[in-house]
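For reference, the structure discussed in these notes is given below.
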Amino acid sequence: MSEALSLREPETGLMVRREPATVLAEAQRAAAALRDVLASKAKKIIINGEQYLEFEDWSTCASFYNIAAGSDDAVPCEVEGVKGAKAVAYAIRTDTGLRISSAVAYCLRDEENWEEKPWFQLASMAQTRACAKALRNVLSRVVVLAGARATPAEEMMDGASRADVKTCPACGKAAIIKGKAEFGGGWVCFKKKGGCGWKGLDTYDWTKPMIESPAAPEPRPAAADVAPEAGLAAQAIGAGAEPSPLDAAWIKVKEAREAKQMSRDQVMALIGKTWPSLKTKGGEVDLTKMDLLMVQNLALLLGQE
């Protein structure tokens, strides 16, 4: 006895496989956990005011879903005449071994900081980038829900290693470039990369921790913001009264200025050079616009002069 085989027509439309509300709720739970991890990082990757995930952050998020990343061996490649390394990576379900995503990434010698690096470092970075991209393909929705950007940090750092990324002490953005010798050298927070225009000396100490922005603006002194005759310190702290954080910051500026024997005009010139946006149409510096973060960083800058 024979039975006729019937062929099933393939489905041509998209179908909802699980209840959307359930899927979203699970993603929000994962995002909340990831958000806590990102907030606790000592060294965050902040570019243009937004946080980016490094490969280890993507791996943490992937672990919520029993996903891991793996890559093939990196291979030498040449792209438009530029040599480098190419790697293919996969996102893999750890419970089944099923590959659910793949990505290709490169690390080339025309990238800043990579021209003279040994081959094994290029190969390693190509694999790291590929693994992060493979995880990004399946987990970007969770990362966005956590309030971060979905592009892996390794693709946003101009080929630099994490230790090479310099963050502006004034605005907190990773927009620092080396100033050209004809314009005085030093370091510049490049405005075309979203920076604030801050300028630092060649000898600036990048090991100092960046001052974090306060959660809310600090209240300004009630009497006045600055006292020129006191060398940029805050005016009139009442006898016996505890100075406000802004007052205390101005006092540190005063102490640093006096230690360096700098005139008020020299300090005003430094402020105008570091924060051009504080200059009025007449070219004067409006000190009343300086917030706590700016004043704290001014004290640091005076210590570098």
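The values are calculated or read from the model by the stated rules, or taken from the named source; none is laboratory data. Just so you know, these numbers come straight off a predicted model, no measurement behind them. So basically every Cβ, Gly included, is an ideal-geometry build from the backbone, and we count neighbours across all protein chains shown.
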Exercise. State all residues of segment 33-64 that are in contact with a Ser or Thr (Cβ under 9 Å, 6 or more places away or on another chain), among the hydroxyl-bearing types (Ser, Thr, Tyr) and over 27 Å from Pro169 (Cα atoms); if no residue qualifies, say none.
Key: Ser63
Quiz item: Which of the residues belonging to segment 47-100 are farther than 30 Å from Thr167 by Cα and touching an Asp or Glu at 6+ places or on another chain (Cβ under 6 Å)?
Solution: Asn66, Val88
Self-check item: Selection count where residues are charged (D, E, K, R) and modelled with pLDDT under 85, scope segment 18-69
Solution: 3
Self-check item: segment 264-301 - residue that is part of a helix (DSSP H, G or I) and basic (Lys, Arg) and, of those, farthest from Thr167 (Cα to Cα)
Solution: Arg264
Exercise. Just give me the residues in segment 99-115 being among the charged types (D, E, K, R) and closer than 20 Å to Glu80 by Cβ, in sequence order.
Key: Arg109, Asp110, Glu111, Glu112, Glu115
Quiz item: For segment 253-305, how many residues meet the condition of being without any contact (Cβ under 8 Å) to a residue 24 or more places away in the chain, touching an Asp or Glu at 6+ places or on another chain (Cβ under 6 Å) and exposed (fewer than 15 other Cβ atoms within 10 Å of the Cβ)?
Solution: 1
Quiz item: If you go through segment 49-60 one residue at a time, do you hit one that is over 25 Å from Gln127 (Cβ atoms) and not β-branched (Val, Ile, Thr)?
Solution: yes
Exercise. Would you check if Asp72 is among the acidic types (Asp, Glu), farther than 30 Å from Lys192 by Cβ and in contact with a strand residue (DSSP E or B) (Cβ under 6 Å, 6 or more places away or on another chain)?
Key: yes
Quiz item: With respect to Ala160, is the statement that it is at pLDDT below 75 and either within 30 Å of Arg29 (Cα to Cα) or under 14 Å from the mean Cα position of the chain (by Cα) (or both) true?
Solution: yes
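Here is a yes/no grid of residues against (1) under 25 Å from Asn66 (Cα atoms); (2) in contact with a strand residue (DSSP E or B) (Cβ under 8 Å, 6 or more places away or on another chain); (3) buried (at least 20 other Cβ atoms within 10 Å of the Cβ); (4) aliphatic (A, V, I, L, M):
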site: Ala87; (1), (2), (3), (4): yes, yes, yes, yes
site: Asp95; (1), (2), (3), (4): yes, no, no, no
site: Glu112; (1), (2), (3), (4): no, no, no, no
site: Glu116; (1), (2), (3), (4): no, no, no, no
site: Ala126; (1), (2), (3), (4): yes, yes, yes, yes
site: Lys133; (1), (2), (3), (4): yes, yes, yes, no
site: Ala146; (1), (2), (3), (4): yes, no, yes, yes
site: Ala150; (1), (2), (3), (4): yes, no, no, yes
Self-check item: Residue ID - surrounded by the fewest Cβ atoms within 10 Å (Cβ to Cβ), chosen from residues in segment 43-85 that are closer than 23 Å to Ala33 by Cα and among the basic types (Lys, Arg)
Solution: Lys43
Quiz item: Identify, please: which residue in segment 236-276 is small (Gly, Ala, Ser) and at pLDDT 80 or above and is, among those, farthest from the chain's Cα centre (by Cα)?
Solution: Ser263
Quiz item: Assuming Thr167 fulfils every condition listed in (1) among the polar types (S, T, N, Q); (2) surrounded by 18 or more Cβ atoms within 10 Å (Cβ to Cβ); (3) modelled with pLDDT of 90 or more apart from one, which condition is it?
Solution: (3)
